[in-house]
Amino acid sequence: MIGKSILRVTTKLLIPSIMLFGLYVQFHGDYGPGGGFQAGVIFASAIIVYALLFGTHHARRAVSPGVVRLALAAGVLLYAGVGVAGMLLGGNYLDYNVLAHDPKHGQHIGILVIEFGVGLTVAAAMITIFLTFAGHDRPLEED
């Protein structure tokens, strides 16, 4: 009983740090190791840890399935949208050079948006997979 309370309090303190680290990995990915996939998994791990300790019922209330489905679609649309934008601006699909006045700036913008789309899609997919396999559980009794 006390062990469960200690885990829950510790988890509530760690989840914001996990998500902040996910943001760091997301936006540092074009300068060093990391990027969208790794950041998506880190974000999803915060939600999965929450679900493991508090139950999937509470996790589904914190992150509703509709929001997760929207994130899945938005991530894929961001990825595809950057490719289409490159074609509309006269380049090839996923040609970042044409996204800005300077090819180097275009590369930077393209990679940031692509990696954000990948991170969004991966996080939503991992959360969906976990909650699907975890199934529905009954609400936890209050301690």
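The values are calculated or read from the model by the stated rules, or taken from the named source; none is laboratory data. Note that this is a predicted model, so its numbers are computed, not measured. Reconstructed Cβ throughout: ideal geometry from the backbone, glycine too, with neighbour counts over all protein chains shown.
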> Which of the residues spanning segment 47-58 are more than 15 Å from I129 (Cβ to Cβ) and of a type in the set (G, A, S)?
Replying inline: G55
>> So I111 ticks every box in (1) farther than 26 Å from V67 by Cβ; (2) modelled with pLDDT under 90 but one. Which box is left unticked?
In response: (1)
>> Condition first: in a helix (DSSP H, G or I), among the polar types (S, T, N, Q) and touching an Asp or Glu at 6+ places or on another chain (Cβ under 7 Å). Can you find one or more residues in segment 54-73 that meet it?
In response: yes
> Do we have F37 as touching an Asp or Glu at 6+ places or on another chain (Cβ under 9 Å) and of a type in the set (A, V, I, L, M, F, W, C) here?
Replying inline: yes
> Mind checking whether some residue in segment 53-62 is basic (K, R) and either at pLDDT 90 or above or buried (at least 17 other Cβ atoms within 10 Å of the Cβ) (or both)?
Replying inline: yes
> Does any residue of segment 63-75 turn out to be over 15 Å from the mean Cα position of the chain (by Cα), touching a residue at least 24 places away in the same chain (Cβ under 8 Å) and under 22 Å from F37 (Cβ atoms)?
Replying inline: no
> Residues of segment 84-94 being surrounded by fewer than 18 Cβ atoms within 10 Å (Cβ to Cβ) and assigned to a helix (DSSP H, G or I), which ones?
Replying inline: V84, M87, L88
> Given the conditions (1) of a type in the set (K, R); (2) loosely packed, with under 13 Cβ neighbours inside 10 Å; (3) over 21 Å from L120 (Cα atoms), and given that R8 satisfies all but one, which numbered condition is not satisfied?
Replying inline: (2)
> Residue check: is L7 more than 12 Å from the chain's Cα centre (by Cα) and of a type in the set (A, V, I, L, M, F, W, C)?
Replying inline: yes
> When you look at V98, is it more than 14 Å from the chain's Cα centre (by Cα), buried (at least 18 other Cβ atoms within 10 Å of the Cβ), hydrophobic (A, V, I, L, M, F, W, C) and in a helix (DSSP H, G or I), yes or no?
Replying inline: no
> Considering segment 37-71 alone, what residues qualify as being among the small types (G, A, S), out of contact with any Phe, Trp or Tyr (no Cβ under 9 Å at 6 or more places or on another chain) and closer than 16 Å to F116 by Cβ?
Replying inline: G40, A71
